[in-house]
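The values are calculated or read from the model by the stated rules, or taken from the named source; none is laboratory data. All figures in this text were calculated on a predicted structure; none of them were measured in a lab. FYI the Cβ positions are ideal-geometry reconstructions off the backbone, even for glycines, and counts take in every protein chain you see. Each accessible area value is taken on the protein alone, full model and side chains, heavy atoms only, with ligands, DNA and RNA left out. Shrake-Rupley method; radii C 1.70, N 1.55, O 1.52, S 1.80 Å.
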Amino acid sequence: MDVSSRVRFGDFEANLRSGELRRNGLKVKLGDQSFQVLALLLENPGEVVTREELRQKLWTEDTFVDFEAGLNSAVKRLRDALGDSADEPRFIETLPRHGYRFVAAVETVRESPLPLRVESIAVLPLENLTGDPAQDYFVDGMTDALITRLAQIGTLRVISRTSAMQYKGTREPLAEIARKLKVDAVVEGTVTRSGGRVRITAQLIHAPTDRHLWASHYERDLTDILLLQAEVARAIAEEIKVKLTPQEQARLASGRLVNPEAYEAYLRGRLHWNKRTEEGMKKGLQLFEHALEKDPSYALSHAGVAECFNMLGFWGVAAPHEVSPKARAAASKALEIDGNLPEAHAALGWVLFTYDRDWAAGERELRRAIELNPGYATAHQWYSHLLAYQGRVEEAFAQVRRTLELDPLSLVMNSSGALIYLLARQYDQAIERVHRTLELDPHFAPLYLWLGWALGRMGQHLEALEALSKAVPLSGNGPRYLAGLGHGYGVAGQSAEALKTLAQLEEMAKQRYVSAYDFAVIYAGLGENEKAFTWLQKACEERSTWLALVKADSRFDSLHSDPRFQELARRVGVAAA
């Protein structure tokens, strides 16, 4: 029988090339030795496969005692997976002391010889076969790295990490996953780790037809982990015959030795950074810095430091003068080491337009990040912010659509999309996006901030206050959220409550950084324009990150006719928009 074909029997289908067993389209977990026994029986249906033949094929170097125990165990696990019985066999008949025979009808499924186009792909979470759940972060990091490698191919749409991770441990049929993610093919695989060695097995499947296009395995020392990732990505690119530019070929194949401790700290840092919470960003920053202690030349760790500092500034967790220069320095250091690192270009771009107010340079860096890695959703996300802040809303929407093509199930990308609609004053669309995203996670604080903001602008003040009141505790009483609630009270005519919130913010400012921008938001809600301008001026002096969106922030619309606002917009760099 052709070992490259698929074989069907009963409710089962086995792919003898990839080593995969499915029942009614769902994957059945089966160990390697048990599958090899099954494969040998399927290659000889109706015929006796002797124990000696099995020993020669599968246990060539083992002793007789080891073989007996190993074969009995492998057959038992195989029967368990098939729901079969030695007493009343439906599939595998035992011939005592002689061998086994596959007794069910077997159908060979021939693959179509026609080439299949693959223009979009999802890398599903690799399976942890280390036997240690504590290694999940390492295995997830392998998934993330493979996605990042493939996303550098301009002609291939690759689903980003967050959306792919939604299918960790799933039993959904591949065709259904592919339909939901709107991709042509999926990559499945496993990771094992023993001592200082790492082994990845991977297979590429054309989802609509369930046709296995490629399967292989790779093994290297942990210090060569980046080269291993490059090997797998390059093999997939070659198999789907995607056209690569010389630059893409070079980037796809790039790799270097990396300190194992540094790499593990980096992976843990990405795990926390991806949460996008204040705690997650702080923990991610700590781990990226630890990675740099072990390997100061690891550019991705420098980029990770820059990303964390950027977002700590954006959410008002730390003063801009404390974090933005550090973000710029870390991104610049990463680019000294690797001038083609998309993450570093994107991080530098963010600092340039939000803190340095060099919008043209910031846009160049973000566009460069996208050029280097068209599948890097964060670069598209941050570019959508730059465009929306400048009032270039149609261009911003195009970037939002791209982030959602790449990462359709991401809380961060969906939430960011809602904010862009909000800044464009398309409140109905913002509210719709928020409600759809709340289905992914009803506890994500930014969504309630955007929802309350949008409802308030539409005059639905009670509903707005309900949403804003939820946002505050979910954020851990973040100043940016308190400011939103205070503004909501002000425009709803509940001045006493707005002043209470303002007092909370003032008290908080004695203990931690609170942006002047947040005070200005509340005073604007109260209609106290003079005080709003006073605090906006302070925000300008402190180089508040959110001041970059001041013209797009509809909560300040009542100030637009004042010449002082036009002067402020000019200083920020958005006056011409």
Plugging the Cβ-Cβ distance of residue 541 and residue 506 into 1/(1 + (r/R0)^6) at R0 = 25 Å yields, to the nearest 0.05, a FRET efficiency of 0.85
Quick check: Cα centre of segment 185-206 to Cα centre of segment 377-402, how many Å?
35
Can you tell me how segment 470-577 classifies by the Cα gyration tensor, rounded, prolate or oblate, using a/c under 1.5 as the rounded cut?
prolate
Describe numerically, in nm with one decimal, the distance between label points set 7 Å from Cα along Cα→Cβ at residue 68 and at residue 458.
7.6
Area projected by the alpha carbon convex hull of segment 319-438, averaged over all directions, nm²
7.4
DSSP beta bridges in segment 99-198: the antiparallel percent, rounded to 5, is 20
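Would you mind putting 225-233, 120-128 in packing order, based on average other-beta-carbon counts within 10 Å, highest first? Intermediate values should be presented prior to the final figure.
On the way: 225-233: 21.1, 120-128: 23.1.
So the order, starting with the most tightly packed, is 120-128, 225-233.
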Enumerate the residues in segment 534-577 having an amide nitrogen under 18 Å from the point lying 7 Å beyond the Cα of residue 358 toward its Cβ.
543-545, 548, 571-574
I'd like the carbon and sulfur percentage of the solvent accessible area for the chain, probe radius 1.4 Å, heavy atoms only, ligands and nucleic acids excluded.
49
Using the basic label-point model (7 angstrom from Cα toward the beta carbon), what is the residue 176 to residue 107 distance in nanometres?
2.2
7 Å from Cα along Cα→Cβ at both residue 50 and residue 392: what's the point-to-point distance in nm?
7.6
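On full extension of the chain, what length is gained from residue 199 through residue 117, given 0.36 nm per residue of separation minus the C-alpha to C-alpha distance? Numbers along the way, then the final one.
Values: separation 82, 0.36 × 82 = 29.52 nm, distance 2.88 nm.
Gain on stretching residue 199 to residue 117: 26.6 nm.
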I'd like the distance between the alpha-carbon centres of segment 417-434 and segment 246-266, rounded to an integer number of Å.
38
Which of 422, 434, 469, positive extreme of dipole for segment 403-469 (C-beta unit charges):
422
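Where does each of 446-454, 525-533 land if you order them by average Cβ count within 10 Å, highest first?
Details: 446-454: 27.1, 525-533: 17.9.
Averaged packing, sorted descending, gives the order 446-454, 525-533.
Rounded, prolate or oblate: pick one for segment 331-378, where a ≥ b ≥ c are the square roots of the eigenvalues of its C-alpha gyration tensor, a/c under 1.5 means rounded, and failing that, prolate if a/b is larger than b/c, else oblate.
oblate
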At 1.4 Å probe size, with no ligands or nucleic acids counted, give the accessible surface of residue 323 in Å², nearest ten.
10
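Looking at the chain only, what percent of DSSP beta bridges run antiparallel? Nearest 5 please.
Numbers: 41 of 48 bridges.
Bridges in the chain are about 85 percent antiparallel.
Efficiency by 1/(1 + (r/R0)^6): what FRET value for residue 367 and residue 496, r their Cβ-Cβ distance, R0 = 60 Å, to the nearest 0.05?
Numbers: r = 48 Å, r/R0 = 0.81.
The computed FRET efficiency comes out at 0.80.
Pairs to check: 27/282; 180/243; 326/510. Give those whose C-alpha atoms are more than 30 Å from each other in this structure.
On the way: 27/282 39 Å; 180/243 26 Å; 326/510 24 Å.
Going by Cα-Cα distance, 27/282 fall outside the 30 Å limit.
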Per residue, in Å², the accessible surface of the chain once ligands and nucleic acids are set aside, probe 1.4 Å
42
